[in-house]
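The values are calculated or read from the model by the stated rules, or taken from the named source; none is laboratory data. Worth saying up front: this structure is predicted, and the values here are computed from it rather than measured. Note that we place each Cβ from the backbone using ideal geometry, even for glycine, and neighbour counts take in every protein chain shown. When the accessible area is computed, the model is the full protein with side chains, heavy atoms only, and any ligands, DNA or RNA have been set aside. Shrake-Rupley method; radii C 1.70, N 1.55, O 1.52, S 1.80 Å.
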Amino acid sequence: MYIAIVPNRSSPPAVLLREGYREGGKAKNRTLANLSSLSMDQVEALRAVLRGEKLVPAADLFEVSSSRHHGHVEAVRVAMRRLGLEQVLASRPSRDRDLVCAMIAARIVTPHAKLATTRWWQSTTLPADLGVAEATEDDLYEAMDWLLDRQAGIEKKLAARHLKEGGLVFYDLSSSYFEGTSCPLARLGYNRDRKRGKLQVNYGLVTAPGGCPVAVSVFDENTGDSSTLPTQINKLKGAFKIEKLVLVGDRGMISQKAIDQDLKALAGLAWITALKSGQIRSLIEAGSIQMGLFDERNLFELTHPDFPGQRLIACRNVELQKLREHKRRSLIAATAAELERVRDMVERGSLRGSDKIGVRVGKVINKYKVQKHFALDIGEQSFAFHPLIDAIAAEAALDGVYVIRTSLSATEMSADQTVRSYKALADVERAFLSLKTIELKVRPIHHRLEGRVRSHIFLCMLAYYVEWHMREAWRPLMFTDQDQQAKQTRDPVAPAKRSAAALAKVAARTLDDGTPVHCFLTLLTELGTIVRNTCHAPGTTRSGPTFEVVTTANPTQARALELLKTIAV
């Protein structure tokens, strides 16, 4: 007997069980059964039986003694190898280097506190592959101290790799909160994390164009944005040996005071920033910015004696104007409705006393943050209010209008490219978002020693450095837009629009091959289903001979791992 597979035109082939026989001296065959409903694995098993092979259950051949998650770890390690991260950390192998690499990989895959990390990674192949399986929490802390001692040298290598002479450098400041009160760096201040009463620390991030992180500096909370600039400029021009650069920072970072005190006297340093709303209002009221010009185009250049040696580029985003107008109208209407209820309570006599009325009004005003748009009159038994129409109109005149300022001449950078460069600060904001939220979880900070806090934040920056390159390589598999060149030619003022291919990908939620589109975390999770099984022969002890079997990657996993091999520096 044998199995024959017979082609069936456009239909699936027929799988038939046949036997040969002789009749009248002629060789013939006949069909005994139609096996077309069986899977090919079953068909191959029957063929093996017909060949006389002995089939035994898989469990009789080997047992799986352990299974550890492997795919996501392998993905991160491929990216780290492509980036030469080990050589960036230290040219010579050492246990400290292995521990830092392991902590960076663990921070990307599943961020935990240091003690939890030594527990979690035992369920993966990470500690075995990097030789850190026996590492304790104290070992990780010692490796963090080693990393901090090498921070300056590591940042020099990254700057040499990603920052160009005369190129753009982006800088911004953020903060993260502490659990505890004993760290000398921790201070109370403006809380960007909306955690009232928490001590926090500031840190400034330097990135190359596109948001690739290069360096990070940690400051206590009492340090203002612009006062951190001298440190960064000294690092860029001194430690990194960059003679000419264009520094891009927001209006709070590169203020008029910072320009006068820190930037003007430095040769080879140009900058791009924006005017504050009060400065824009002054220009409009003085007629220097003629709003009628926006009827013809959405940006134009001007100069003003208050800003000598600078180019001003006035822009108006119509969509942003509509959004802000709608938001203000909604907040004012909601506040007025609640103030009406307070006034009714006062008129009914259920609310008396200027102190009690003031407290009740304060709750309403603080709820929507539009107190500046109302005039309030609070008495012992009376309360009145009315909107400040002129103030509202004055603010509305600025809706959608912003002014970019720069020390660069028109021959050095066009107006369009200057606006695009300033708006590219959004890449630094995305870096902070990734650092602070569910991906890398730089916060809350649990460390107590100043050096450990600095090392923790630097470690998180290195993790984002690897993640940033993984995201770039994985653009074809994720919701992100692959057409990055369009950013250099599209309208710099109008709202950014995704390419048609990206919109189609988002709408369908599947790629051209029918596989699902991923975000970064779900793609890592998908890779995490690849496991490494440790097997041994039945009846033998686990200390005996073993072999390993890794899950075969599905098409999505295989493509993700292959794309990481395109990372280049």
Ala116 being exposed (fewer than 14 other Cβ atoms within 10 Å of the Cβ) and over 30 Å from Leu269 (Cβ atoms): yes
Residue selected from the stretch 131-141 under the condition open to solvent by 20 Å² or more (accessible area, probe 1.4 Å) and in contact with a helix residue (DSSP H, G or I) (Cβ under 7 Å, 6 or more places away or on another chain), by the criterion farthest from Thr534 (Cα to Cα): Tyr141
Flag for Arg68 being charged (D, E, K, R), more than 30 Å from Thr522 (Cα to Cα) and either surrounded by 10 or more Cβ atoms within 10 Å (Cβ to Cβ) or in contact with a Phe, Trp or Tyr (Cβ under 7 Å, 6 or more places away or on another chain) (or both): no
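To keep it simple, each residue is scored yes or no on (1) touching a residue at least 24 places away in the same chain (Cβ under 8 Å); (2) of a type outside the set (Gly, Ala, Ser); (3) in contact with an Asp or Glu (Cβ under 7 Å, 6 or more places away or on another chain).
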| residue | (1), (2), (3) |
| --- | --- |
| Ala486 | no, no, no |
| Arg498 | no, yes, yes |
| Leu524 | yes, yes, no |
| Leu527 | yes, yes, no |
| Thr552 | no, yes, no |
Unmet criterion (only one of (1) part of a loop (DSSP other than H, G, I, E, B); (2) surrounded by 15 or more Cβ atoms within 10 Å (Cβ to Cβ); (3) charged (D, E, K, R)) for Glu243: (2)
Top-ranked residue of the stretch 373-395 - restricted to ones that are loosely packed, with under 12 Cβ neighbours inside 10 Å and under 23 Å from Arg316 (Cβ atoms), ranked as modelled with the highest pLDDT: Ile389
Filter result for Thr118 (of a type in the set (Ser, Thr, Tyr), free of Cβ contacts under 8 Å to residues at least 24 places away in the same chain and assigned to a helix (DSSP H, G or I)): yes
Every pair of residues 6+ apart whose Cβ atoms lie under 7 Å, when the first sits in the stretch 310-332 and is under 16 Å from Pro495 (Cα atoms) while the second is part of a helix (DSSP H, G or I) and at pLDDT 90 or above: Cys315/Val419
Sole exception among (1) touching a residue at least 40 places away in the same chain (Cβ under 8 Å); (2) surrounded by fewer than 16 Cβ atoms within 10 Å (Cβ to Cβ); (3) charged (D, E, K, R) for Arg297, by number: (1)
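If you check Glu19, Glu44, which single one turns out to be at pLDDT 80 or above, of a type outside the set (A, V, I, L, M), part of a helix (DSSP H, G or I) and out of contact with any His (no Cβ under 6 Å at 6 or more places or on another chain)?
Glu44
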Some residue of the stretch 451-471 being in contact with a strand residue (DSSP E or B) (Cβ under 6 Å, 6 or more places away or on another chain) and not in a helix (DSSP H, G or I): no
Checking Leu503 against (1) open to solvent by 50 Å² or more (accessible area, probe 1.4 Å); (2) modelled with pLDDT of 90 or more, the condition it does not meet: (2)
Selection from the stretch 396-433 of residues that are surrounded by fewer than 16 Cβ atoms within 10 Å (Cβ to Cβ) and charged (D, E, K, R): Glu412, Glu429, Arg430
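Residue-by-condition table, conditions (1) within 16 Å of Thr406 (Cα to Cα); (2) over 29 Å from the mean Cα position of the chain (by Cα); (3) among the small types (Gly, Ala, Ser):
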residue: Val214; (1), (2), (3): no, no, no
residue: Ile272; (1), (2), (3): yes, no, no
residue: Leu283; (1), (2), (3): no, yes, no
residue: Ser288; (1), (2), (3): no, yes, yes
residue: Asn298; (1), (2), (3): no, yes, no
residue: Cys315; (1), (2), (3): yes, no, no
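Given the residues Arg22, Arg30, which is the only one that is touching a residue at least 12 places away in the same chain (Cβ under 8 Å), open to solvent by 80 Å² or more (accessible area, probe 1.4 Å) and of a type in the set (Lys, Arg)?
Numbers: Arg22 fails: touching a residue at least 12 places away in the same chain (Cβ under 8 Å).
Being touching a residue at least 12 places away in the same chain (Cβ under 8 Å), open to solvent by 80 Å² or more (accessible area, probe 1.4 Å) and of a type in the set (Lys, Arg) holds for just one of Arg22, Arg30, which is Arg30.
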